[in-house]
Every structure is written in C-alpha cells, then in structure tokens.
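The values are calculated or read from the model by the stated rules, or taken from the named source; none is laboratory data. Small disclaimer: the values here were computed from a predicted structure and weren't measured. So basically every Cβ, Gly included, is an ideal-geometry build from the backbone, and we count neighbours across all protein chains shown. Keep in mind that these areas ignore ligands, DNA and RNA; they rest on the heavy atoms of the full protein, side chains included. Shrake-Rupley method; radii C 1.70, N 1.55, O 1.52, S 1.80 Å.
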Amino acid sequence: MNELLAKANEHIAATRPLMNMEWYPSWHLAPTAGWMNDPNGLVWYDGMWHAFYQHYPYDAVWGPMHWGHARSRDLIHWEHLPVALAPAGTDDKDGCFSGSAVDNDGELSLIYTGHVHEGDRATDAGLRQVQCLATSRDGVHFTSHGKIIDPPPGIQHFRDPKVWKMGDSWYVVIGLRVDDRGEVRLWRSNDLRAWEPAGLLARSAPGESYMWECPDFFPLGDKWVLLFSPQGMKADGYRNRNLFQSGYLVGSWQPGGEFVIETPFTEIDAGHDFYAPQTMTGPDGRRIMLGWLAMWESIMPEKAHRWAGMLTMPRELTLSADLRIKATPAREIEACRADPHSYQDIRLARDSLPLLTGCEALEVGLSLDLTASDAEKYGLRLGAEQDDEQGLFIYVDNQSRRLVLDRRYPACGISGYRSVPLPDGDTLQLRVFFDRSSVEIFVNDGDISLSSRIYPQAQARHLSLFAQNGGAHFPRVNHWTIR
C-alpha cells in the first residue's frame, strides 16, 4: 500500500507542472492532476473540514479508483494532502470506490467500497463489491483493516456507504441493485467493524431506475432526508435531462422503524453537471453539501490539459415548510469578496450593457423585474464582445415563463440548455458564481440551483446584461471578485 501511494504522489508531483491551467478552478476543489469524480468522506476532523474524492492520478480518465484528499479551514481554500487510499488488497484491488468518513473518538475512519472485477469487464461476470475500513490518528496516513461488510447473497452492485452515529450505535446506508431496481438498505454496528443488517430503507418503483448510488441519510429540521443518485431514470419533459440524476426524498424515521416517505423524488440541482452529492456537519451544526461538478459520459475538454473533474462550491441545506430542500452558498464565501461594484435601476431596450471583462472568479447578485420587463429574453451573458451566438446565457424566457441556462461552446462540441419554471412573485433574485470553467446559479435564496461546466476562451470572458425584442428592468446588480 505505502509503495502504491508513494508512486501515485510522485506521479502527481511530476505531472502538475505540465498541466494547462486555463480552465483549472481558482477556488473550487479539483484534483492536483488526473481524474476526479464523486466526493467521499466529507467530515469535520481535528478542527478542519476534510474532503476525500474518487481519484485516478495517472491520467485524466476514470481508472482504478484511489482516494484523493484535501482539507480546509473555510470550505473555500483547500490544501491538497497526499493520496489517502490506493487499490491494493484482495478486497479492493480494482478500486477504492465511494464511501464516507467519521471521527471515531479522535480516530479518522474511512468506510468505502472495495471493488474487484475478475471477469469480463464489459459485463458483471466476476464483479464483487464489499465495504472496507481504513483508519488514521493523524488524519493523513491510513491503515487498512480490510472487509467489514459482505453483500447480501446474490447481490453484486453494493456500494457507497454513508456512516453516521446516533447514541451509542453507528448506522450506514448502502446503495444496491436488486432485480434491476435501486435500493438503499441499513446496517448497524457498535464499533464500526461488526455490522448487522437493519432493514430496507427505500427502493425504486419497478422500471423507474435500476441502481441508487451514493446514498446519504440525515436529519433536516424535524424530518429525515434520503439524498441519492438514481441511475436509469427516463427524461420527462424538462426533468431528468442528464444521463444520471441526483435528488432526494423527505420523510419520517427513527431507529428500528420504517422510513415513511412524504414527498416525491425531487432533483436537487437542475444544471448540466451535478452528481453524487454528499453532506457533512460542522461544529456549528450546519448541514453542508458538496457534489461532483461534472457528469458521466459528458465532453470534458480539460482532459487535454491533464486533469478532469471538480467539486461544487459548498452549500448549506435547510428544509422549507413544504418539505423542499433549500441549498444556499455556504456563508464562508462572503468573506472572500473583493472589489465590490453596485448598480441600481438598470433599464435596457433591445440592447446590452457591458459589466466587466476578464472575469474568472466572480460572484454576481442581480434582481430581475418580471412585471416591468417585456423582452422575449433578458438576463446575463458571458462571452466575447459582439458575439451573441457563443458563450453562456442566463436569462428569463418570457414566452415559456422559465429561467434558462444556455451554454454554447461549438469549438468544444458542447451546447444545450437547462431550465426551471419561474417562481411566483414580481422579482427574481439570482446569485451567480463563476470560476474558470463553471457556473453555479442560486434562485431566490436557494429555492433552485443550476450548476454547469463552461469553457470560455480567454478573449470570451466579457460579462454583460442583455435584452432581446423588448425592454428589461434590473432593479439591482452587484458583483465581487472572489479572492
């Protein structure tokens, strides 16, 4: 194990100086080199936030999974640490798949899926997945303890454990594929090593989805939330447009009882690139969520730059009275604001208004007057000057009564839009966060979010307001550089 970790870290150190940083994020967590997907092991430990992640250090493609590792004091600025796990043992030789981390009385414990595939890689022949444990006393170097949970008889797809403690007992939820239906089941333990089954938590309807990945189960307000990423859901109008989705169910639960579901499945982000979200709690009790800001089988131009994948900005989760999750930017981002600019009562008539050039790390706050604006489309554009055909467009479509995120990067082979219905009210409030290759939009204090990857060239980072075929009123526009 130590030799494999040393080899991975040496390769990263040698590759890092060769990377093209044009689209590498300035304030989001991304791999030091190579590939990143799911966030793993989000935990507050020894006075810092820790984030582990699925990582292949040797190329910017998915490969035998390692666990990358970083830590932060403010959720925004991350310090990269050595690779924590590498596939090495009989139970994880083909990958250390997703999982979670807990602070067990000062011992940082990683619970993850060991992946072995000894047959035809194009089929499930020879596939075996178990849950494994690794521990650390310094939060950096880990000792493997091997397998701790076997799958139920006849089950091969059995992964992504999320562990938490209630009273004197540890609990874990794990995703399964059973007769082509997604399931989440519970196990219980007194010591993180010996586990006993504790029942079925939830399963998909027949034909709805075939696997539930990356489950997370946690209290929010006086309810419990099951957050997960179902595979195989069919697109339905504007909904479920991505290859795979991420969303949640809300209900009531207590240990030993059933999870009584009270809501339909609801997507937690409506953008192009959002998958495998996980949460953690800090010393102040906030529930913080991070997701993978990418999507399987999507075009990733950054692969040519020797890296791929990044995580979303941190989001605070709360539950509304109608049992919908509100996801708002973690308050720590406000301490990173610099160079403030504010504009009031902007009115456009079939034209555009430049705001700034060269924007990379940026927060924009704006209000849009839905009653006094009659333009067919009006909103925010990030692109080249005098080019309305390429770039990023965030706008109100007055005919469909929807908020649209439209990205057009023909040089990269990327195009397409996502949209959400306009909420009730006379004014639409948006907070929009940019990094070099990402945009994250928060609508009306976190009622809706849309997260997508973007790939502007250096000369196409001009931000402007626009209105097409009519007039638009923007009562307020603010923007800050993110330090």
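Quick rundown of the values:
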| item | result |
| --- | --- |
| Which numbered condition Gly425 fails, given (1) under 26 Å from Ala235 (Cβ atoms); (2) assigned to a loop (DSSP other than H, G, I, E, B) | (1) |
| Those residues of segment 67-86 which are more than 18 Å from the chain's Cα centre (by Cα) and crowded, with 21+ Cβ neighbours inside 10 Å, in sequence order | Val83, Ala84, Leu85, Ala86 |
| Members of segment 52-61 found to be touching a residue at least 60 places away in the same chain (Cβ under 8 Å) and surrounded by fewer than 24 Cβ atoms within 10 Å (Cβ to Cβ), listed by number | Ala60, Val61 |
| Search result, residues across segment 203-232 that are aliphatic (A, V, I, L, M) and over 20 Å from Val130 (Cα atoms) | Ala205, Leu220, Val225, Leu226, Leu227 |
| Filter result for the condition that a residue is open to solvent by 10 Å² or more (accessible area, probe 1.4 Å), touching a His at 6+ places or on another chain (Cβ under 9 Å), farther than 24 Å from His69 by Cα and in the same structural domain as Arg71 (by the TED database), over Arg177, Arg203, Arg159, Arg188 | Arg177 |
| Test: residue in segment 469-476 that is buried (at least 18 other Cβ atoms within 10 Å of the Cβ) and part of a loop (DSSP other than H, G, I, E, B) | no |
| Members of segment 164-174 that are surrounded by fewer than 24 Cβ atoms within 10 Å (Cβ to Cβ) and in a strand (DSSP E or B) | Trp164, Lys165, Met166, Ser169, Trp170, Tyr171 |
| Subset of segment 432-459 [open to solvent by 20 Å² or more (accessible area, probe 1.4 Å) and not in a loop (DSSP other than H, G, I, E, B)] | Ile448, Ala458, Gln459 |
| Filter result for Ser367 (in contact (Cβ under 8 Å) with a residue 12 or more places away in the chain, over 18 Å from Ser451 (Cβ atoms), surrounded by 14 or more Cβ atoms within 10 Å (Cβ to Cβ) and hydroxyl-bearing (Ser, Thr, Tyr)) | yes |
| Those residues of segment 1-19 which are open to solvent by less than 70 Å² (accessible area, probe 1.4 Å) and within 26 Å of Ala458 (Cα to Cα), in sequence order | Thr15, Met19 |
| Residues of segment 155-187 that turn out to be more than 19 Å from Ser204 (Cα to Cα) and small (Gly, Ala, Ser), as a count | 2 |
| Filtered residues of segment 206-219 (kept if in contact (Cβ under 8 Å) with a residue 24 or more places away in the chain and open to solvent by 10 Å² or more (accessible area, probe 1.4 Å)) | Pro206, Glu208, Tyr210, Glu213 |
| Phe274 among the aromatic types (Phe, Trp, Tyr), modelled with pLDDT of 95 or more and more than 18 Å from the chain's Cα centre (by Cα) | no |
| Identity of the residue in segment 37-51, of a type in the set (Gly, Ala, Ser) and more than 15 Å from Leu293 (Cα to Cα), that ends up least open to solvent (accessible area, probe 1.4 Å) | Gly41 |
| Residue within segment 330-340 that is assigned to a loop (DSSP other than H, G, I, E, B) and either modelled with pLDDT of 95 or more or open to solvent by 10 Å² or more (accessible area, probe 1.4 Å) (or both) present | yes |
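Here is a yes/no grid of residues against (1) touching a residue at least 24 places away in the same chain (Cβ under 8 Å); (2) in contact with a Leu (Cβ under 9 Å, 6 or more places away or on another chain):
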residue: Arg408; (1), (2): no, yes
residue: Ser415; (1), (2): no, no
residue: Gly425; (1), (2): yes, yes
residue: Gln429; (1), (2): yes, yes
residue: Val432; (1), (2): yes, yes
residue: Val439; (1), (2): yes, yes
residue: Phe442; (1), (2): yes, yes
residue: Arg453; (1), (2): yes, yes
residue: Arg461; (1), (2): yes, yes
